[in-house]
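Peer 1: This is the structure I have questions about; it appears just below.
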Amino acid sequence: MKLRLLYLLPLLIALTAGCLGGSKNSNNVAPIPDGVYSGQFRLLHVHTNKTDTVKANIMLTMSNSAGTYKVTGDTATVHAGSFGNYAGNSATGLITFVDKTYSSSAPVTKTHLTGTYNYAYDGTTFQMKAFGVLDTLVLQYDLKKTAN
């Protein structure tokens, strides 16, 4: 019996060493986006057995130095053209937008870029996602950097 356990010892050492090994990049934070991005906005309404999706091609211009943003592009029906302020936290992967054109008293006919979103950004690809009530409504942005 002891001899059988001896054969498993190298495997156990290899597994333990793999788990104890340090990460080459322990600072996995997404930088705060800055520049001009274009791509697709998707509003997903998740039902029990299907998902309804509406899409719009938008352009998002962000300025870190001023903390401002502007949404343009296909803003006729699904997503509102807007502008305001933003601040990101690269350690938490959260970014918050305050839309200066949004009014809580006006009827909501289009999606505004306002509120807090989870984001991922690698210097080129910028993705954001926010969940609505009971996770049945998802706001998703898939953008690519087009200019500084």
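Peer 1: List every residue whose amide H lies under 5 Å from the amide H of residue 101, counting only residues 5 or more places away in sequence or on a different chain, with H placed 1.01 Å from N in the peptide plane.
Peer 2: The answer is 83.
Peer 1: Another question, if that's okay. How large, in Å, is the stretch 22-148 by the Kirkwood hydrodynamic radius built from its alpha-carbon pairs?
Peer 2: So the Kirkwood estimate lands at 15.3 Å.
Peer 1: Mind ranking 133, 36, 29 by accessible surface for me, highest first, 1.4 Å probe?
Peer 2: Largest to smallest exposure gives the sequence 133, 29, 36.
Peer 1: Report the accessible area of residue 135, computed with a 1.4 Å probe over the heavy atoms of all protein chains in place, in Å² rounded to the nearest 10.
Peer 2: The accessible area comes out at roughly 100 Å².
Peer 1: Would you mind estimating how fast the stretch 87-148 diffuses translationally, via Stokes-Einstein at 4 °C and 1.567 mPa s with the Kirkwood radius over Cα pairs, in µm²/s?
Peer 2: Rounded to a whole number, D works out at 99 µm²/s.
Peer 1: List the aspartates and glutamates whose Cα lies under 12 Å from the Cα of residue 129, skipping any in the same chain that are fewer than 8 positions away.
Peer 2: 142
The values are calculated or read from the model by the stated rules, or taken from the named source; none is laboratory data. Given the structure is predicted, the values throughout are model-derived calculations rather than measurements. For the accessible areas, the whole protein counts, side chains as well, though only heavy atoms, and no ligand, DNA or RNA atoms are used. Shrake-Rupley method; radii C 1.70, N 1.55, O 1.52, S 1.80 Å.
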